[in-house]
Amino acid sequence: MVANGCPDEFRPTWCEHCQSEAKFHKLGSFTRSVLTMEELLEITIFRFKCTLCGKTRGILPSFLRRNYAAALDVQEHVVRRHEEGVSLRVISEQLPSLLAFSEKTLWRWKNYWKKLLDRLNPGIWHTVLSRFPHLLLPRGSDTPSSVWDWVFWVWGKTRLQWTGNPANCFQWLTFLSQSGR
Ligand SMILES: [Zn+2]
């Protein structure tokens, strides 16, 4: 993704180990393979060292979860299909051959995102409504039938208007979970 050098935007300003504003030294970088719905990507991950506590951390592009090879768009695809009533086994079988993830892995993703959503609830709705007070909520038979349906509906209506330009709904949820909590 970033071939040469290290853009300053990757350099952290907050250390999550010693909980302080700190300066960071760049330590170097390594590459990792990432699977998206379309392709296999080789991405560069930069490592930094906190000058206060000496702990190191790798800076991850926001479309990834730590230690997971599947990009967020893949995990979102799985949760959406599952919400449509498709079983995890069938979803796993229907994934592109590059994405050979087992039913059990899919199940773990699903639980991870459900937990994250539970953690964001109900604050996420306050955030949405204070940001978009005139959002016309669906009614009658159009009313989303589950909390995930609501999340996907809101994302579909507001996707172009969030800071950080999240590329998909799960990136948006990740941003929300990182801000002000
Ligand atoms: Zn530190």
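State yes or no: is residue 85 at pLDDT 95 or above and part of a loop (DSSP other than H, G, I, E, B)? Criteria met by residue 85. Among the candidates 145, 141, 97, 130, the residue that is free of Cβ contacts under 8 Å to residues at least 40 places away in the same chain, outside the structural domain of residue 19 (by TED's automatic domain parsing) and under 18 Å from residue 37 (Cα atoms) is uniquely 97.
If the condition is being touching a residue at least 40 places away in the same chain (Cβ under 8 Å) and within 16 Å of the ligand (Cβ to nearest atom), then segment 12-65 contributes 12, 15, 16, 17, 55, 57, 59.
The values are calculated or read from the model by the stated rules, or taken from the named source; none is laboratory data. A quick note: this is a predicted structure, and the numbers were derived from the prediction, not measured. All Cβ positions, even for glycine, are placed from backbone atoms using ideal geometry, and neighbour counts span all protein chains on display.
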